[in-house]
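Enquirer: Structure in structure tokens, see below.
The values are calculated or read from the model by the stated rules, or taken from the named source; none is laboratory data. Quantities reported herein were computed from a predicted structural model and do not represent experimental measurements. Every residue, glycine among them, receives a Cβ derived from its backbone with ideal geometry; neighbour counts consider all protein chains shown. Accessible surface is based on the protein model in full, side chains and every heavy atom, while ligands, DNA and RNA are left aside. Shrake-Rupley method; radii C 1.70, N 1.55, O 1.52, S 1.80 Å.
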Amino acid sequence: MKTRFFIIIFVPLVVFGSSLVLGPKIINPFGMDETSREILFSIRAPRSVVALLMGMALGASGAVLQGILRNPLADPYILGISSGASLSAAIGIVAGLTFLGAFTIPVLAFGGAIFTGSLVGVIGWKRGGLWPERLLLGGVGLSFLFSALLMLMLSVSSDEGLRRATLWIFGDLSMSDWSRIPYGLIFVLGGMLLSMVRAKALNALILGDEMAHSLGFTPHTERFVLFVSVGLMTSASVSLGGMIGFIGLLVPHMIRFFTGSDNRMLIPASAFMGGALLCAADLVSRSIMPPMELPAGVVTAIIGSPYFLYLLRRKNVLGL
Amino acid sequence: MKKTLLSLTLIVCCSFSSSAHAGETPQRIISLAPNMTEILFALGLGNRIVGVTSFCDFPDEAKIKPEVGGMSNPSLEAVISLKPDVVVMTIDGNPREFEERLRSLGIKTYVFRARRLWELPHGIRDLGTALGVKEKADLLAGEIENMLAKFRTAGKPAQKKKVLFIIWPEPLIVAGRGSITDDAFALLGEKNISDDSGTSYPKYSIEEIIRRAPDVIFIGRGKGMEEVSEGLLQRLKSVPAVKNGRVFYVSDYLYRLTPRTVKGVEELARYLRGQY
């Protein structure tokens with residue numbers, strides 16, 4: 001148990017450290033000139049912090065969602081939160097809205113995400129509580145609707161706007177700076193704390209509502225609290241840097257191979273490993289073809305998927 | 001030079017294979033790219049244009065022409081129903097399959113193959129020959145050639161300035177190698193710091209900009225562009241261009257290969273040589 005804790009803390013720290021030093025050019029932290037110092041502190045550091053935060057949010061909300069929806073295929077984007085955010089951000093990008101300066105697009109994305117999350121909540125609400133199947137199907141339905149609207153908008157917009165919006169949707173961490181981090185930190189850590197405090201209830205929920213009830217939990221209340229935590233984390237993550245695939249869906253499964261399904265361990269471990277993976281992917285995406293940058297989301301899946309498939313073949317998972 | 005010759009030969013060879021025959025003057029022309037619409041108007045063929053794309057916004061008369069869809073997804077039906085004598089397309093902007101489809105339906109096409117700044121005069125001559133307005137095209141191409149030659153011969157700067165053209169600040173997209181802007185910088189004898197990119201309009205690394213420290217930064221002018229750029233310029237505050245107030249918002253003439261492109265080069269030259 002102790003070594004596991006150690007690994008879970010140690011890996012993200014090492015990845016974070018290397019993401020500061022490595023890149024298109026290696027920076028020696030003990031002999032920096034003015035330029036290198038600036039690059040390290042005001043370009044790389046905020047970018048890596050954002051990657052960590054986004055990865056943490058996605059990993060943790062993936063773990064929580066797979067629990068409350070009792071579905072191994074659930075990921076933070078299945079609720080339509082990301083497509084709502086993407087639609088609203090793309091509208092902003094294509095229409096060239098700038099009412100809040102550099103904050104315009106993140107704020108639009110966050111607004112779109114929160115709006116969609118609440119809408120899914122309203123759809124999933126029946127007889128005094130949230131129902132997993134309703135949430136899931138409501139989310140999928142909204143997701144289709146918003147994606148279609150997004151496609152509609154992109155197909156009638158100029159090629160310029162289209163390319164910019166597509167780059168944003170694919171996940172762009174390059175514009176991360178310190179100013180967005182406090183907001184991200186509040187929502188991501190807030191959501192994570194909330195879900196970790198209710199981790200025991202989540203364990204019970206997975207066994208079924210009746211079982212949870214007999215263990216002394218109120219399923220509807222617990223589900224609502226957990227749903228809110230997922231909504232906050234996912235919205236914050238989308239507004240920090242667009243959509244990053246893979247992490248929310250597969251990182252919790254990868255962690256289950258190592259730690260089992262106890263959510264008290266699974267949620268923080270998925271968060272830290274999600275953060276580490278995104279941070280590493282971002283490092284690769286900006287170092288592999290300098291001076292060009294690739295979308296981090298693409299790299300995440302290219303690094304992550306083979307490893308996941310390897311684990312799936314090697315480990316005896318889910319008793320399957 | 002070798003490269004220029006090669007591309008010229010290529011253009012000449014290819015233009016013989018276009019299916020519009022030299023000499024005939026088509027009465028109904030459809031343009032499938034904004035720069036083609038602009039060139040056609042400049043050649044005095046505006047009144048023969050019967051269809052344009054939804055992006056064709058210059059000159060103003062182009063905006064009232066019937067639209068046949070976007071550049072990458074024009075509507076085949078709309079094109080056919082306008083009964084064109086020839087459909088003018090570009091090699092980069094329009095899908096090749098669309099051209100093949102049109103030809104298989106017996107509709108004549110003309111593919112404009114010039115992509116780089118120095119290919120423009122020849123491209124215009126070739127187009128003019130194909131559309132039966134050879135003299136006008138010669139005149140226009142000659143004007144452009146003269147202007148370009150003027151830039152080439154007008155005293156090169158004693159020391160090459162390091163320059164950068166930002167197309168869009170967030171996500172950061174710049175004019176890289178092979179873009180018209182890159183050609184313009186080369187013509188003016190300046191060093192485009194992003195000329196080692198793999199594509200014409202790459203998503204670029206901010207830390208590389210800081211490291212390469214451009215002396216002058218240009219940003220494509222546009223609605224709200226100054227607000228959107230604020231964040232980026234804040235992060236580039238240690239770069240000489242930003243520190244010395246040499247960040248300029250310029251028009252989008254250099255985004256399309258048209259007779260107006262020369263004005264775009266002129267604009268850059270004005271800022272670079274300090275006569276603004």
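Enquirer: Within the set B:LYS156/B:LYS243; B:LYS162/B:LYS237; B:LYS150/B:LYS263; B:LYS156/B:LYS191, which residue pairs have Cα atoms separated by over 18 Å?
Expert: B:LYS156/B:LYS243
Enquirer: Return the aspartates and glutamates within reach of B:LYS223: Cα separation strictly under 13 angstrom, same-chain partners fewer than 8 residues apart disregarded; answer none if there are no such residues.
Expert: B:LYS223 reaches B:ASP252.
Enquirer: Would you please name the trypsin sites (Lys or Arg not before Pro) within region B:154-216 that are DSSP coil residues with at most 16 other C-beta atoms within 10 Å of their C-beta?
Expert: B:LYS160, B:ARG177
Enquirer: How would chain B be classified by its alpha-carbon gyration tensor: rounded, prolate or oblate, with rounded meaning a/c under 1.5 and the a/b versus b/c comparison settling the rest?
Expert: Prolate shape, in that a/c is at least 1.5 and a/b is the bigger ratio.
Enquirer: Moving to a separate point now. Given labels modelled 7 Å from the Cα in the Cβ direction, how far is it in nm from A:ILE206 to B:GLU230?
Expert: 4.7 nm
Enquirer: Determine the dipole magnitude for chain B: charges of +1 sit on the beta-carbon of Lys and Arg, -1 on that of Asp and Glu, nothing else is charged, the reference point is the Cα centre, and the result goes in debye to the nearest 20. Walk me through the numbers before you get to the answer.
Expert: Numbers: 39 positive and 33 negative charges, 164 e Å.
Using only the charged Cβ atoms, the result is roughly 780 debye.
Enquirer: If you don't mind, there's one more thing I want to ask. Run the numbers on region A:24-69: which residues show a drop of 20 Å² or more in accessible area, chain on its own versus all protein chains together, using a 1.4 Å probe over heavy atoms?
Expert: Output list: A:PRO24, A:LYS25, A:THR35, A:GLU38, A:ILE39, A:ILE43.
Enquirer: Can I ask one more? Whole angstrom only: what separates the Cα centroid of region A:13-58 from the Cα centroid of region B:212-276?
Expert: 29 Å
Enquirer: Could you work out how much longer the chain between A:VAL156 and A:ILE288 gets when fully extended? Use 0.36 nm per residue separation minus the Cα distance between them, nm to one decimal.
Expert: 44.2 nm
Enquirer: Beyond 16 Å, how much of the Cα-Cα pair distribution for region A:1-126 remains, as a whole percent?
Expert: Percent of Cα pairs beyond 16 Å in region A:1-126: 74.
Enquirer: At a Cα cut-off below 14 Å, give the aspartates and glutamates reachable from B:LYS63, other chains included and same-chain residues fewer than 8 away excluded.
Expert: Candidates past the 8-residue exclusion: B:GLU38.
Enquirer: Write down the accessible area per residue of the protein assembly as shown in Å², having rolled a 1.4 Å probe over the full set of protein chains.
Expert: Result: 43 Å² per residue.
Enquirer: Here's a follow-up. Using a 1.4 Å probe and counting only protein heavy atoms, arrange B:TYR253, A:TYR77, A:TYR183 so the residue with the most accessible area comes first. Don't jump to the answer; show the numbers that get you there.
Expert: Numbers: B:TYR253 60, A:TYR77 25, A:TYR183 130 Å².
If we order B:TYR253, A:TYR77, A:TYR183 from most to least accessible, we get A:TYR183, B:TYR253, A:TYR77.
Enquirer: For chain A, build the charge dipole from Cβ charges (+1 Lys, Arg; -1 Asp, Glu) around the Cα centre, then report which of A:SER239, A:ALA113, A:GLY55 sits farthest towards its positive end.
Expert: The listed residue farthest towards the positive side: A:GLY55.
Enquirer: Now for a separate question. Over the protein assembly as shown, one equal point on each Cα, no solvent: what is log10 I(q)/I(0) by the Debye formula at q = 0.08, 0.11 Å⁻¹?
Expert: -0.66, -1.05
Enquirer: Here's something else I'd like to know. Over chain B, with a Gaussian network built from C-alpha contacts below 10 Å, which listed residue (B:LYS134, B:LYS237, B:LYS108) shows the highest mean-square fluctuation?
Expert: Top of the fluctuation ranking is B:LYS237.
Enquirer: Any residues in region A:278-295 that have 50 Å² or more less accessible area with all protein chains than in their chain alone, probe 1.4 Å, and which are they?
Expert: In region A:278-295, residues shielded by partner chains: A:PRO291, A:MET292, A:GLU293.
Enquirer: Express in whole angstrom the spacing between the alpha-carbon centres of region A:192-221 and region A:244-293.
Expert: The distance from the Cα centre of region A:192-221 to that of region A:244-293 comes to 25 Å.
Enquirer: Right, something else. May I ask you to list the aspartates and glutamates whose Cα is less than 13 Å away from that of B:LYS136, ignoring any residue fewer than eight positions away on the same chain?
Expert: B:ASP126
Enquirer: Can you tell me the dipole magnitude for the protein assembly as shown around its Cα centre, using point charges on the Cβ only (Lys, Arg +1; Asp, Glu -1), in Debye to the nearest 20?
Expert: So the magnitude is around 1040 debye.
Enquirer: Follow-up question, since we're still on this one. Taking the Cα centre of chain A as the origin and placing charges on Cβ (Lys, Arg +1; Asp, Glu -1), which of A:LEU266, A:LEU150, A:SER176 is farthest toward the positive end of the dipole?
Expert: A:LEU266
Enquirer: Identify, among B:LEU117, B:ILE173, A:SER214, the residue whose Cα sits farthest towards the positive end of the charge dipole of the protein assembly as shown, taking +1 on the Cβ of Lys and Arg and -1 on the Cβ of Asp and Glu, with the dipole about the Cα centre.
Expert: Working it through, the farthest residue towards the positive pole turns out to be A:SER214.
Enquirer: Now for a separate question. What ratio of Cα Rg to 2.2 N^0.38 Å holds for region A:74-149? The partial results should precede the final answer.
Expert: On the way: Rg = 13.5 Å, N = 76, 2.2 N^0.38 = 11.4 Å.
Its radius of gyration relative to the 2.2 N^0.38 Å reference: 1.18.
Enquirer: Go ahead and run the numbers for FRET between B:LYS223 and A:HIS220, Cβ-Cβ distance against an R0 of 56 Å, rounding to 0.05.
Expert: 0.70
Enquirer: How large is the helix-only mean residue ellipticity at 222 nm for chain A, computed as the sum of -39500 (n - 2.57) over DSSP H runs with n ≥ 4, divided by its residue count, in deg cm²/dmol to the nearest 500?
Expert: Calculated from helices alone, the mean residue ellipticity at 222 nm is -24000 deg cm²/dmol.
Enquirer: Sticking with this one: Ranked from the most accessible area to the least, with a 1.4 Å probe and all protein chains present, what is the order of B:LEU164, A:LEU100?
Expert: Ranked list, largest accessible area first: A:LEU100, B:LEU164.
Enquirer: Same structure, new question: What accessible area, in Å² to the nearest ten, does a 1.4 Å probe give for A:MET196?
Expert: Its heavy atoms expose roughly 70 Å² to the probe.
Enquirer: Let me ask you something else. Out of the DSSP beta bridges found with both residues in the protein assembly as shown, what percent are antiparallel (nearest 5)?
Expert: Given both bridge residues lie in the protein assembly as shown, the antiparallel proportion sits at roughly 25 percent.
Enquirer: Once you've got the GNM for chain A with C-alpha springs shorter than 10 Å, pick whichever of A:PHE257, A:PHE170, A:PHE146 has the biggest mean-square fluctuation.
Expert: Looking only at A:PHE257, A:PHE170, A:PHE146, the largest GNM fluctuation is found for A:PHE257.
Enquirer: How many percent of the accessible area of region B:150-213 is carbon or sulfur, using a 1.4 Å probe?
Expert: C and S fraction of accessible area: 53 percent.
Enquirer: Using only protein heavy atoms and a 1.4 angstrom probe, determine the accessible area buried between A and B, summed over both sides, in Å² to the nearest 100.
Expert: Heavy-atom accessible area buried at this interface is about 3000 Å².
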